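So the structure is just underneath, and the comments pick up after that.
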Amino acid sequence: MTCELRACCRRGGGAFLSTPDAPRDTDRSGAELPLVATLHEPPAPQEDIAFHEAAHAVAYHAYSGTVDSVTIANQPHVCGASAPPNLPDRIVMLLAGPAAQAAYHGQRRTLYEHALADYVARVGDVVFGNCDNCRAVLVATVHAGKTCGDRGAIFREAERRANDFVRLPAVRSAIRALAAALMTQHTIAGADAHAIIEPFVKFGELKNAEENPEVA
């Protein structure tokens, strides 16, 4: 099946597979996404991508968001029925995927300052897309507006929390278990994903962790 790899917005950055069942053809401004490459068939599922999507799902669960489905087939993503209600937790959820993928390769995930400034500019110009960084900066911007805070500082704090989150022993075990299931099944229903996570991390266990450090 032929599919297209497109950038998340007109400025590049993250990329998404555009497939008949999960199209992402425009960014938030309505502009067509730049074509990065045309593929004759979707790439085979990769374990680091499974860790990425599993970490998003575990963060949903830990911060009391609910998951509809998790997939690493065609266009890897987590479909959430409800996002974590706390905005800083929601940013951690968005950044947990990249943090877990970096941890899989033995790295700690941190955006360079010029890259963060570029994502902030995308949000300001309303040309952002659906990649984790674009959405995380958007939520940081909303939170900054509500609290009169600095969105860069809000993003950096969530980035730190995401890196710490994926290294918690129980969270790491949950990510591994869900990632292993994804490598076998490729797509997992939300209820099944929550059931895999729950023995390691209780639903809502880390909600508002930045306000209540003792729960972390």
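The values are calculated or read from the model by the stated rules, or taken from the named source; none is laboratory data. Note that the structure is predicted; figures quoted are calculated from it, not measured. Side chains are part of the model used for accessible areas, which takes the heavy atoms of the whole protein and leaves out ligands, DNA and RNA. Shrake-Rupley method; radii C 1.70, N 1.55, O 1.52, S 1.80 Å.
At a glance:
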| quantity | calculated |
| --- | --- |
| Accessible-area order (highest first, 1.4 angstrom probe) of the listed residues ASP132, ASP192 | ASP192, ASP132 |
| Probe 1.4 Å - accessible area at CYS148, Å² to nearest ten | 130 Å² |
| For percent of Cα pairs over 23 Å apart, calculated from these coordinates, the label among (1) 44; (2) 41; (3) 53 | (1) |
| Accessible area, probe 1.4 Å, largest first, for residues MET183, MET93 | MET183, MET93 |
| Helix-only [θ]222 nm of the chain, DSSP H runs n ≥ 4, -39500 (n - 2.57) each, per residue, nearest 500 | -15500 deg cm²/dmol |
